[in-house]
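Enquirer: Have a look at the structure that comes next, please.
The values are calculated or read from the model by the stated rules, or taken from the named source; none is laboratory data. The structure presented is a predicted model; accordingly, all values stated were derived computationally and were not measured. Glycine gets a Cβ as well: all are built from the backbone with ideal geometry, and neighbour counts include every protein chain shown.
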Amino acid sequence: MKTSVQLLLQRAASLLSSHPKSKFLLSNPIWSAATEHTLLTQEELTEINLLVPRLCESNHFPEAIRLIDAALLTNPPLKSLPLSVLIDRLTAEPDMTQSMSLLNHLKHNPNAHPALAPINQMFLVSYFKKHRFKEAMKIFSWMSRPDSPCNPDAMVYRIVIGGFCRNGKTLEALKVMRAMLGANTIPDTDLRTWVYRSLLREARIGEAQEWNQTLVSIGNGEHLVPESLGVYRNIQVENAACYCGSLHCKRVD
């Protein structure tokens, strides 16, 4: 007699078998040949929302990941998938093996690329809530790689810098701010204030004042330097990035 876990895996495989899958998915023997469908029915979406939490509860993360990956081939609304449940469980794992597995699956699924930005944001928020700062930085680093289909945007910088500042990780926040400036993206008032206050909390008053003056010189999200001064602005952004680096080198533990 088949166990409940075996029946669960069989149902997941059966559900996937009726939808198109990439060669990557087909390389795993658990999934059978696909027939051509373009959309998930409401019944199928309901079943996915029931299956994924149960797969996670039984520690069958690879199957849950492949189920989500295949579902994203059909471009469903992200709200219709149990992504929050899956990501919450993945970020509770002792290592990042399964988290990176999901991201790398989606990296090789072009249909899933539009979903990567919100999924990465969910990963970041979840890791910060769990005070897993190294893991959050690894997600940011994955997004920053040249071959990443989802580079950091303003929201990602806000989540990461804010998360580090709120948790007393000023130098980590400066490292991300340096990457932000290196991408020629100017931090808004909130980000500048968070870093400034973090430096003050560490009694680095002179550095905080110099930091604030440096960013004021290049403008903020509300009052940018005019486009006619674009060359000057680029030089100032580079100088600010260098300044972030100099602060990073001054750490005293």
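Enquirer: Quick check on my filter: what residues within the stretch 81-108 are part of a loop (DSSP other than H, G, I, E, B) and in contact with a helix residue (DSSP H, G or I) (Cβ under 8 Å, 6 or more places away or on another chain)? It would help to see each step written out before you state the result.
Expert: Quick first cut of the stretch 81-108, residues part of a loop (DSSP other than H, G, I, E, B) only: 81-82, 91-96, 108.
Within the stretch 81-108, 81, 82, 91, 93, 96, 108 meet the criteria.
Enquirer: Does any residue of the stretch 168-183 turn out to be modelled with pLDDT of 55 or more, surrounded by fewer than 16 Cβ atoms within 10 Å (Cβ to Cβ) and under 30 Å from residue 129 (Cβ atoms)?
Expert: Filtering the stretch 168-183 for residues modelled with pLDDT of 55 or more gives 168-183.
Of the ones still in play, those that are also surrounded by fewer than 16 Cβ atoms within 10 Å (Cβ to Cβ) are 168, 183.
When the remaining residues are screened for being under 30 Å from residue 129 (Cβ atoms), the result is 168, 183.
Looking through the stretch 168-183, at least one residue is modelled with pLDDT of 55 or more, surrounded by fewer than 16 Cβ atoms within 10 Å (Cβ to Cβ) and under 30 Å from residue 129 (Cβ atoms).
Enquirer: What pairs come up if the first residue lies in the stretch 37-56 and is closer than 18 Å to residue 73 by Cβ, the second is charged (D, E, K, R) and at pLDDT below 90, and their beta carbons are under 7 Å apart, counting only those six or more places apart or on different chains?
Expert: Final answer for the pair search is 51/11.
Enquirer: Among the residues of the stretch 120-142, is any surrounded by fewer than 17 Cβ atoms within 10 Å (Cβ to Cβ) and either of a type in the set (S, T, N, Q) or in contact with a Phe, Trp or Tyr (Cβ under 6 Å, 6 or more places away or on another chain) (or both)?
Expert: Yes, the conditions are met somewhere in the stretch 120-142.
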